[in-house]
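No value in this document is a laboratory result; all are computed from the given coordinates. Quick caveat, the model's predicted, so the values are computed rather than measured. In this analysis, Cβ positions are derived from the backbone assuming ideal geometry, glycine residues included, and neighbour counts consider all displayed protein chains.
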Amino acid sequence: MSAWTGARSGAPQQSKLSAGCEDFPKAPGARTFLSASGVVEPPKADRNVRAPFRSGLQRAAYHSQGMLPAAAASSTTAALPARFAVSCAQIARACSWTFSMLAAALAASAAPPSVNFPSKDQTVVLYQPAGLGVIASPDALGVSCQWHKDRVPIAGATNDQIVFAHAQFSDAGRYSVVVSNAEGSATSEASLVVNPPKAGDLDCSFGCGGSINGLVRSVVVQPDGKVLVGGDFSAGIARLNADGTTDYTFMNGLTGVADYPLDYPQVYSIAVQSDGKVLIGGAFRIVNGVRRIGIARPNADGTLDTGFQNEINAYAVVNSIAVQSDGKVIIGGNFTTVNVGLSLRRQY
């Protein structure tokens, strides 16, 4: 293999400089420049040949690893000055880790995908959440996915998983996903079975996947099918639609129930009047920013009915509320006085 001579013509080589890669010959009085990555640079007097010198080293080193044809490497080396004695083999061995990383990256980018973890058959009850997914080989780059149902592409289903928030009978079928890149593709298949609910199954047609940030102590179904819930959560009371989603026509933008200074409101009992107004009882002192101790009556939209006045003693707790057929209200709990000094005591 040819080498570049680093000493002036006729000058004996008297010393060597170790650069951590290989020993580079050095002429008397000559200086050797190394870059941060260990690539030899020409002396200052020859800085005008630095760019082609570097290019030649790189291309010759690539050739030594089999990455360039010999003609491309030789055409470059022939154009370099014959003053620098560094062989292609020395550079390749010294920087072999760099080329190994480059070769690995090139191999990964050129690898066709494979499915390491295929999708699996799944059986769920009507309205339960379901999902299918795959994990493709991590060393394949530029991978895309396309899901199919019964061999027909599903519009927009291009992620590594397909999710059914509330599985319907119509969702049942044979699913497949094609994982592909420019080099090839791989396919994974699985079936989704949706069964009708039977006795004891969770009814996921109502509030499936929803949550309340606290305890629920009272639940009342209104005549229109909406559901009032009360308990130890942020607003103390809320109303759900028939499917369990939040009914934003109730308490929308209102502060709800509070128990200053502790700020732990608790609604223990709820009753609905024939006019749609709602009676609530519990351990609280404030409703929608207004003083109400232990009992209050919101309107159908959650605003406070200020015409329903009360004055239970400061630490009263109402545990139970019932509405009589004549519209009068019976309450029970931990209190001693109601309104104008009328004395009541809880019976055990």
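When region 147-179 is filtered for residues that are in a strand (DSSP E or B) and surrounded by 15 or more Cβ atoms within 10 Å (Cβ to Cβ), the ones remaining, listed by number, are Trp147, His148, Lys149, Ile162, Phe164, Tyr175, Ser176, Val177, Val178, Val179. Within region 187-206, restricting attention to residues that are hydrophobic (A, V, I, L, M, F, W, C) and part of a loop (DSSP other than H, G, I, E, B), the residue that is nearest to Val177 (Cα to Cα) is Cys204. From the residues in region 210-238 that are among the hydrophobic types (A, V, I, L, M, F, W, C) and assigned to a loop (DSSP other than H, G, I, E, B), which one is farthest from Pro298 (Cα to Cα)? Across region 210-238, the extreme among qualifying residues is Ile212.
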